[in-house]
Structure formats: C-alpha cells, structure tokens
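Here's the structure we're looking at; comments come further down.
The values are calculated or read from the model by the stated rules, or taken from the named source; none is laboratory data. As the structure is a computational prediction, the values presented were derived from the model and not from experiment. Cβ sites come from the backbone with ideal geometry, for glycine too, and all protein chains shown count toward neighbours.
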Amino acid sequence: MDYQNQQPYQPNYAQDQRPPKPDNYLVWAILSTIFCCLPLGIASIVYSSKVDGQYNAGDFIGAQDSANKAKKFAMWAAISGVIVAVLYILLVVVVGVSGGVFSTAS
C-alpha cells in the first residue's frame, strides 16, 4: 500500500461537505508588522501562514483556531501601534510647549 499518495483523513466531512476555508488575514498581518508593532505582527504572520496548510490537511478546527489567532495578533499590533503614535504625538507637543528639553534659562 502506498501511504505517500493517500488523501489525509477528514473526519465527518465528505469532500463536498468541507466547511469554507477561513480567511488567513495574511495581508493584515503583513501591514501590522510593517506599520505598527513588529513582534505582534510576526506572531500574526506565523499563525496566518498555518491556516492553508491545516485546512488542506483536513484540520478544519486547527485552521479556524490559527485564523482567529492571526486576526487577534494583527488587531493587537494595530491597537498598540495607534497607542504608541498617540503617545509620541503627546510627547512632541509637551516638549514643544515646555520649550524643549535642552533649553537654557537666561
């Protein structure tokens, strides 16, 4: 018996009854990595890259779980990027109003 050419085992699903493939959120993962928060964005990319492989292997629950984690990490990366940007703008405004850090009193 040739085990290399066998289709993966898909419990309780016929080929035409497979659930729809979940979105892998790869675009959001890449954008959040570039523009927002590198560590959380990388985690999002890792999970989003697992979705297609798990789905094609018949692990539908694992694929959905990876998609949910990719979405969660991308969302947290975007939120943390916005928070850091707002804090930076506040810092610039406060330093500008106070006359700068290195101003000399005359």
Going by the structure shown, is VAL46 free of Cβ contacts under 8 Å to residues at least 40 places away in the same chain, in contact with a helix residue (DSSP H, G or I) (Cβ under 7 Å, 6 or more places away or on another chain) and part of a helix (DSSP H, G or I)? no
Specify which of the listed residues (ALA63, ALA74) is touching an Asp or Glu at 6+ places or on another chain (Cβ under 9 Å) and assigned to a helix (DSSP H, G or I). ALA63
Scope segment 22-38; condition touching a residue at least 24 places away in the same chain (Cβ under 8 Å), within 20 Å of ASP65 (Cα to Cα), out of contact with any Lys or Arg (no Cβ under 9 Å at 6 or more places or on another chain) and surrounded by fewer than 19 Cβ atoms within 10 Å (Cβ to Cβ); matching residues: LEU26
Identify the single condition in (1) buried (at least 16 other Cβ atoms within 10 Å of the Cβ); (2) touching a residue at least 24 places away in the same chain (Cβ under 8 Å); (3) of a type outside the set (D, E, K, R) that GLN54 does not satisfy, given that it satisfies every other one. (2)
Please indicate, with yes or no, whether at least one residue in segment 73-90 is among the hydroxyl-bearing types (Ser, Thr, Tyr) and in contact (Cβ under 8 Å) with a residue 12 or more places away in the chain. yes
Just wondering, is there one or more residues in segment 11-24 that are touching a helix residue (DSSP H, G or I) at 6+ places or on another chain (Cβ under 6 Å) and either at pLDDT 95 or above or at positive phi (or both)? no
